Amino acid sequence: MEPRPRPPRPASRALRWLPLPHLENDVRRTLWTAVLCVVAAALVAAPVAVERAIEGVRFRDTLGTFPVEVGLCHDGRSTLDTGILGKVFWDQTGALGFGAYARATGPPEAGGTLASYVDPAFFQTNVAFLRHPDTVVAAYSSEIREDLWTRLLREELLAAAIGGLVLFLVVPRRRLEGVPRAHAVVASVLLVDAALGLSAFAAVKMFDAWPCSTAPTDVFSAPGMRNPTFSSPQMSEIVGQVKPFIEKNTLRIDAAADQYETAAKTSLATALAQQGTALAPRPGEKIVLAEADPQGSYVGVHVRTALYADLQNAVGKDAIALRTIAGDITSNGTVAESAFVKAESKVAPDVPAVAIAGDHDSEKTWKQVKGSGFHDPDLTTTAVGDLHVAGANDREHKTLFGGSITNPSGVSEEQLGQRLRDKVGDHFADQGGIVVVHQPSALVAYLGLDSLSILRDHPQTAAQRTTPYDDGIADLPPGIAEYGHLHQAAGPWVVWNTDGGRVTWTVVDQLGTAGGVENAPTFSRFSTPFSAPLKPLMVRLQYVDVKSGLQTGYVTVQCELDARCSISGRVDVGLPGGQPGQATTSPTTPGTGTPTP
């Protein structure tokens with residue numbers, strides 16, 4: 001008697017969760033085999049994928065004045081490879097002993113030639129920007145960790161797809177149909193284990209052959225310094241020679257910054273006390289804290305933190321609705337500046353903040369801004385509390401000392417401003433809004449003007465700021481349009497929208513630098529994150545009627561270079577009461593503020 005054929009094996013219970021209830025058992029079994037092949041391939045490839053991801057981590061940044069490419073090393077330290085003068089080592093690593101390895105990809109920006117390397121001012125400049133290497137290493141560790149996971153996921157997905165397909169094609173599924181399931185499982189596990197062991201062995205060999213897995217044996221120290229150390233005796237000698245100068249200069253910078261901060265905080269407290277309750281908003285109003293160009297200044301952060309805390313005590317926390325920053329949050333748009341962006345986000349911790357990027361920022365900054373809790377309405381409008389805000393991140397990027405300007409997007413400032421105007425459209429028709437850009441040329445395009453001369457060349461009287469007249473400018477989206485970039489305050493100017501049946505207004509505001517930062521730095525004169533201001537430090541208080549969204553007044557806060565601070569009296573703008581008016585009378589003439597015949 002011939003043996004009966006074996007009945008087909010039932011589909012695995014493990015497949016019941018799949019949304020495929022109507023497939024035949026053979027099809028289900030095929031799918032299950034494909035899944036197992038993919039998982040096995042990913043598992044076997046994991047050790048090599050991890051090693052490849054570790055070696056392959058790369059991102060570009062600027063460290064002090066050095067353009068660098070940053071990766072990983074496992075030699076018990078973090079390293080800056082300057083090229084011509086060797087390597088600088090910091091005895092600090094991250095998780096599992098991995099450290100950052102920054103390799104200079106070109107000459108330093110400050111100076112820009114090989115001679116810069118032996119200029120004492122070169123060392124002074126880099127020390128000024130790299131005062132705390134620990135924060136740089138921490139920032140790089142975070143960026144490396146993210147890039148590592150991204151690379152590992154990409155490697156694993158590729159290995160799973162290709163390796164899974166190969167396994168699926170070579171596994172003799174028909175020949176295995178008569179093999180007991182337990183035998184097939186044991187054999188599969190043994191094969192995967194063997195392949196995994198070979199993969200791990202290969203990964204270890206690759207890791208051992210990686211130049212960054214072994215620490216150099218010869219290092220040199222500068223006299224009186226434990227950390228950092230150097231790979232070159234010439235570098236250690238140069239650092240030893242300039243060390244007294246650097247220390248003296250650092251102490252001088254710190255003393256000047258501390259003196260400025262102390263004097264400015266005292267002066268601001270006195271000015272606030274003199275204003276008393278005059279700074280409080282009127283019924284229906286809220287205050288917007290308007291800033292631009294803090295540009296990495298910790299001194300600016302400390303002064304404004306004290307100012308806003310005292311201001312909240314004077315007018316009440318609920319009186320301040322919003323804080324805006326019109327670009328250039330950082331000085332160079334680097335990964336290493338993430339600590340400053342976080343510090344900037346805590347200047348007024350109870351106040352919602354909007355920040356758009358300037359030309360000293362980068363897409364790295366955009367990411368840091370969002371990660372630190374700022375609103376970043378890039379080419380969009382958003383509601384923040386009771387107010388509406390729109391903005392545009394600058395697409396240009398200017399290096400620290402202005403040596404080069406890049407714009408990979410190809411979007412000009414004029415195109416950026418026009419795109420923002422198109423996005424705003426009629427969003428602010430019923431309730432005015434705040435528009436934040438960085439450069440004047442973007443604002444000019446948003447406003448639809450040829451230049452800002454039509455505003456700058458015609459100073460307004462007090463009457464013209466509160467009485468509608470024909471200013472020769474087509475109607476704009478009502479509210480506020482503010483910008484920075486020039487590090488010098490001007491205006492504000494009131495543009496009257498009188499072409500329709502309603503009378504509204506748009507206040508155009510050129511903001512100064514909230515960090516007191518020099519906007520035309522040279523190798524011998526430049527602002528650093530820790531130095532006293534080289535330009536007046538300025539903030540604008542904008543009073544906004546919540547119902548209409550229109551600005552009703554402003555106050556200017558400014559600290560001079562000698563730390564004498566002033567708070568102006570309130571200047572009213574727009575129609576009294578802050579509500580739109582009806583165009584029932586003829587607009588007035590620009591020169592007199594009286595109705596035109």
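The values are calculated or read from the model by the stated rules, or taken from the named source; none is laboratory data. All values derive from a computational prediction rather than experimental measurement. Note: ideal-geometry Cβ built from the backbone for every residue, glycine included; neighbour counts use all protein chains shown. Keep in mind that these areas ignore ligands, DNA and RNA; they rest on the heavy atoms of the full protein, side chains included. Shrake-Rupley method; radii C 1.70, N 1.55, O 1.52, S 1.80 Å.
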- Query: From the residues in segment 403-424 that are in contact (Cβ under 8 Å) with a residue 40 or more places away in the chain and open to solvent by less than 40 Å² (accessible area, probe 1.4 Å), which one is farthest from Val369 (Cα to Cα)?
  - Reply: Val424
- Message: Name the residue that is modelled with the lowest pLDDT, counting only residues in segment 572-597 that are more than 17 Å from Ala481 (Cα to Cα) and part of a strand (DSSP E or B).
- Response: Pro595
- Message: So, in segment 301-344, exactly how many residues are under 30 Å from Glu69 (Cα atoms), in a helix (DSSP H, G or I) and of a type in the set (Ser, Thr, Tyr)?
- Response: 1
- Query: Residues in segment 323-331: is at least one surrounded by 18 or more Cβ atoms within 10 Å (Cβ to Cβ), in contact (Cβ under 8 Å) with a residue 40 or more places away in the chain and on the phi > 0 side of the Ramachandran plot?
  - Reply: yes
- With (1) crowded, with 21+ Cβ neighbours inside 10 Å; (2) more than 29 Å from Thr330 (Cα to Cα); (3) touching a Gly at 6+ places or on another chain (Cβ under 7 Å) as the list, and Trp496 as the residue in question, which single condition is left unmet? (3)
- Item | From Glu69, Glu155, Glu146, residue being assigned to a strand (DSSP E or B) and at pLDDT 85 or above | Glu69
- Test: Val166 is among the β-branched types (Val, Ile, Thr), open to solvent by less than 90 Å² (accessible area, probe 1.4 Å) and within 39 Å of the chain's Cα centre (by Cα): no
- Message: Going residue by residue through segment 376-386, is there one that turns out to be under 21 Å from Asp61 (Cβ atoms) and either free of Cβ contacts under 8 Å to residues at least 60 places away in the same chain or crowded, with 20+ Cβ neighbours inside 10 Å (or both)?
- Response: yes
- Task: Among the residues of segment 499-527, count how many are surrounded by 24 or more Cβ atoms within 10 Å (Cβ to Cβ) and over 30 Å from Asp572 (Cβ atoms).
- Result: 2
- Message: Pairs needed: first member in segment 250-277, in a helix (DSSP H, G or I); second member anywhere, among the aromatic types (Phe, Trp, Tyr); C-beta distance under 7 Å; at least 6 residues apart or different chains.
- Response: Ile253/Phe530; Asp254/Phe530; Ala257/Phe530
- Task: Among the residues of segment 185-232, write down those that are in contact with a Gly (Cβ under 9 Å, 6 or more places away or on another chain), of a type outside the set (S, T, N, Q) and modelled with pLDDT under 80.
- Result: Ala215, Ala222, Pro223, Gly224, Met225
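Residue-wise test of (1) open to solvent by less than 70 Å² (accessible area, probe 1.4 Å); (2) in contact with a Cys (Cβ under 9 Å, 6 or more places away or on another chain); (3) not assigned by the TED database to the domain that holds Ala319.
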| site | (1), (2), (3) |
| --- | --- |
| Ser231 | yes, no, yes |
| Arg252 | no, no, yes |
| Lys265 | no, yes, no |
| Pro283 | no, no, no |
- Message: Checking the condition open to solvent by less than 10 Å² (accessible area, probe 1.4 Å), at negative phi and modelled with pLDDT under 95, which residue from Val354, Val335, Val347 passes?
- Response: Val335
- Query: Considering segment 357-372 alone, what residues qualify as being of a type in the set (A, V, I, L, M, F, W, C), in a loop (DSSP other than H, G, I, E, B) and open to solvent by 10 Å² or more (accessible area, probe 1.4 Å)?
  - Reply: none
